[in-house]
Amino acid sequence: MIFQENKDRNPIKRQSRRRRIILTGAILIVATIILLFATFDRMRELGDRVINPIDLLPLLEIPNVYDIQGYPAASERAFTRFLKQGNNRHLFSRLKVFLQANQVHKVVSPFELLRQGSDWRDLNEPPFAIPPEEYWKTVVDTLKVIRQEIVPRIGPVTVLSGWRTASYNRKAGGSKGSKHLLFCGLDVVPKKNFSREQLVPVLRDIHRRNGRPWKMGLGIYKSIRFHVDTCGYRRW
C-alpha cells in the first residue's frame, strides 16, 4: 500500500516540475523580447541624434564613395566609421546643435561640411575632419549665402570640400591663406545638371549683384565645381 502511494505521487511531482520549467522559460523569453525592443529603440534614438537617417537604402548598401559630378566624395557609410574614432561623435553632435541654433542646419547635410576634399585617397589623408569650435561661427554666413543667393538661382548643392586640416591643405597644394582652414570656404557642385557655359554666367551675376554685402569670395574651377566663402569680397 505504501509502495502504491509513492508510485502515484511521482507523476504529479514530475508534472509540477515540468510546469515550473515551462513557466520559467516563458518568463525568460518574454523578458528577452522586451529587453531587445527597448535596446533597439534606444539605439535607434541615439543614432538619429548623430546622423540623418537614410531614407531609401540600408547603411550597409551605401558605398564608401559617391561619384558626384565626376568627383569622388566620401559617403555617409565612411562618415559613420569616422564617428567611431575618438571624440568625433560627441563633437559632431555639438556642431549639429550649433548649426540648428543658427538656423543653417538644412542648407546642406551637416556631415558634408566635414569633407576635406575629393582627393583624400591620393593624399593619404582622412576623408573627414572636425574644425575647432572657435571656427564654427565662420561657416554660418557662407551657408546663408548658399541658401539665399545660390540655391534660388541654381538649386541645391553638394559640398565636396569644407573644413581642411593644415596637413590636408598643404598636401593638396592649397594656399596658406585658404579659407577652408578657417571653416569659411566651401567647394560645391550643383545637384542639377548644368554645363559650365550655363553655370559660370549665373555665378558671376550673383557675385556682382550681391557679393559685396556678404563679403563673398567666389572661385570657379574647371568643370562645374566652385568655391564660396564670406571672408572677403573677391573673385577668381
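The values are calculated or read from the model by the stated rules, or taken from the named source; none is laboratory data. Since the model is a prediction, treat every value here as computed from it, not as a measurement. Cβ atoms come from the backbone with ideal geometry, glycine included; neighbour counts cover every protein chain shown.
Numbers below:
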| read-out | value |
| --- | --- |
| From the options TRP120, TRP136, residue that is of a type in the set (Phe, Trp, Tyr), at pLDDT 95 or above and at negative phi | TRP136 |
| Flag if ARG121 is surrounded by fewer than 16 Cβ atoms within 10 Å (Cβ to Cβ) and basic (Lys, Arg) | yes |
| Residues (assigned to a loop (DSSP other than H, G, I, E, B) and surrounded by 14 or more Cβ atoms within 10 Å (Cβ to Cβ)) located in the range 195-214 | none |
| Filter result (loosely packed, with under 15 Cβ neighbours inside 10 Å and of a type in the set (A, V, I, L, M)) within the range 86-104 | VAL97, ALA101 |
| Exclusive hit being without any contact (Cβ under 8 Å) to a residue 24 or more places away in the chain and more than 22 Å from ALA129 (Cα to Cα), set GLY219, GLY211 | GLY219 |
| Test: LYS191 is over 24 Å from the mean Cα position of the chain (by Cα) and surrounded by fewer than 22 Cβ atoms within 10 Å (Cβ to Cβ) | no |
| The range 67-96 residues that are aromatic (Phe, Trp, Tyr), paired with ones that are assigned to a strand (DSSP E or B) and surrounded by 15 or more Cβ atoms within 10 Å (Cβ to Cβ) (beta carbon under 8 Å, 6 or more apart) | TYR71/LEU160; TYR71/VAL189; PHE79/PHE128; PHE82/PHE128 |
| Among the residues listed as LYS176, LYS192, the single one being part of a loop (DSSP other than H, G, I, E, B) and touching a Gly at 6+ places or on another chain (Cβ under 6 Å) | LYS192 |
| Any hit, the range 71-85, residues being closer than 30 Å to PHE194 by Cα, surrounded by 14 or more Cβ atoms within 10 Å (Cβ to Cβ) and more than 13 Å from the chain's Cα centre (by Cα) | yes |
| Matching entry among PRO126, PRO152 (being part of a loop (DSSP other than H, G, I, E, B) and surrounded by fewer than 22 Cβ atoms within 10 Å (Cβ to Cβ)) | PRO126 |
